[in-house]
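The structure under discussion appears below in the form of structure tokens.
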Amino acid sequence: MNKLAIRLLTLAILSLTLAAVPVVTVVYAAPDNDPPPPPKKKKSSEAHPGSEQTAFADGYRAAYAAIYERHDYASAIEQLKALGRDDSAAVANLIGYSYRKLGDYKVSQIWYERALKADPNHVKTWQYYGLWQVEQGNRDQAQYHLNRIAQLTGTTSEEYRSLAAALEKPPGTGLVY
């Protein structure tokens, strides 16, 4: 056989193999692993410039690890609140996400809305709040969130793909994102 025939045969076998495998779709929400911008300095006479920034970034990363590595949402909420930056979209979004994962949808909603008030263009909040909408059965609202993500980042971002995949699932499947 010549090289072209071998390549075509390999492609055909691969295609048949992929067609025979059942499709399993797992949707993961991409984490917001970048800490928000550092807090503004309150005093120009600070003894160690940057130490406040470092403490904040370290605290944010610790809370992030509690959420995404250990799934310890209650601890993460306390850590995030202790940062004193509830006005940051990234912090408020992670607090909302943690409450959602704990099943407290009312409080989660409050934090998502607080995050969007702080930054109406915070894509990760639009994604997580959109997943919240899907879980609540509010598919029209989730579609609105998806459209908002498309306006902000286009349709190739991880946030868009994650929410779009959740919306492709039939209503009432009981999946939690």
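Some notes on this structure:
- When restricted to residues that are buried (at least 17 other Cβ atoms within 10 Å of the Cβ) and in a helix (DSSP H, G or I), region 107-122 contains 8.
- The lone criterion from (1) farther than 19 Å from LEU94 by Cα; (2) under 14 Å from the mean Cα position of the chain (by Cα) left unmet by ASN138 is number (2).
- Filtered residues of region 129-166 (kept if in contact with a helix residue (DSSP H, G or I) (Cβ under 7 Å, 6 or more places away or on another chain) and of a type in the set (Val, Ile, Thr)): VAL134, ILE149, THR153
- Here LEU131 passes the criteria (1) touching a Lys or Arg at 6+ places or on another chain (Cβ under 9 Å); (2) without any contact (Cβ under 8 Å) to a residue 60 or more places away in the chain; (3) crowded, with 18+ Cβ neighbours inside 10 Å except the one numbered (2).
- Top-ranked residue in region 56-84 [being acidic (Asp, Glu) and assigned to a helix (DSSP H, G or I); ranked as nearest to GLY103 (Cα to Cα)]: GLU78
- Screening LEU175 against (1) more than 22 Å from ALA92 (Cα to Cα); (2) assigned to a helix (DSSP H, G or I); (3) at pLDDT below 95 leaves a single unmet condition, (2).
- Unique match (being within 28 Å of SER51 (Cβ to Cβ), touching a Phe, Trp or Tyr at 6+ places or on another chain (Cβ under 6 Å) and at pLDDT 95 or above) among ILE95, ILE149: ILE95
- Residue match in region 42-55 (condition: more than 18 Å from GLN141 (Cβ to Cβ), at pLDDT 95 or above, assigned to a helix (DSSP H, G or I) and of a type outside the set (D, E, K, R)): no
- Residues of region 85-106 classified as farther than 19 Å from HIS122 by Cα and assigned to a loop (DSSP other than H, G, I, E, B), total: 3
The values are calculated or read from the model by the stated rules, or taken from the named source; none is laboratory data. Quantities reported herein were computed from a predicted structural model and do not represent experimental measurements. Neighbour counts run over all protein chains shown; Cβ positions are idealised from the backbone, glycine included.
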